[in-house]
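Okay, structure first, notes after.
The values are calculated or read from the model by the stated rules, or taken from the named source; none is laboratory data. Quick caveat, the model's predicted, so the values are computed rather than measured. Counting neighbours? That spans all protein chains shown, and the Cβs are built from the backbone with ideal geometry, glycine included.
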Amino acid sequence: MMTRSWHAWGLLGLGVVLMSACQPVADAWVTGWTGAAAKDHIMLVRGHPPSLGQRRLVSQSGVYPDLGEFLKIRGMPDFVAETNASNRHFLILYYLDAKSTYACGAKAPSTREIEFSGPYAMTKREYRLLREFKREAAGTPAAPPPR
């Protein structure tokens, strides 16, 4: 009878160890999924409830510490776009209040380096489009089209 209880405890302990080992795999899967969903898209950055853009910026700030510092100084953008070109990872940060954007070009993730350029003025069309997207996401009725 006593051997059965030791076997049960041993199996329970083994199950706990195996389940905790799955967490890094799950984190990598989620990060990979959000990366695939983010590619070549402009994403809303919203904290509550967290949007894909918010999760991507938090994730990328962990990879590129200078991005985290930049966001502490400038604040979170309203939108972020991600793309890859020439084996480099690029982020475009859109700040509606300032009507400006910043470009971030990441080197290889192993270097943890990212370069910033900007601010660049948003075009009127970009500004209007993103402002409308943000209103719709907030549930605010869109302004009627100009006559």
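Computed quantities for the displayed model
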| read-out | value |
| --- | --- |
| Residues of the range 107-122 satisfying the condition of being of a type in the set (A, V, I, L, M) and either at pLDDT 95 or above or closer than 15 Å to VAL80 by Cα (or both) | ALA121, MET122 |
| Hey, ASP78 modelled with pLDDT of 95 or more, of a type in the set (Asp, Glu), surrounded by 10 or more Cβ atoms within 10 Å (Cβ to Cβ) and on the phi < 0 side of the Ramachandran plot or not | yes |
| Selected residue (criterion: farthest from the chain's Cα centre (by Cα)) from residues of the range 81-90 that are surrounded by 16 or more Cβ atoms within 10 Å (Cβ to Cβ) and not hydrophobic (A, V, I, L, M, F, W, C) | HIS89 |
| Given (1) more than 15 Å from the chain's Cα centre (by Cα); (2) part of a strand (DSSP E or B); (3) closer than 29 Å to GLY139 by Cα, number of the condition PHE116 does not satisfy | (3) |
| Residue count for the range 36-92, restricted to those that are in contact (Cβ under 8 Å) with a residue 12 or more places away in the chain and part of a helix (DSSP H, G or I) | 17 |
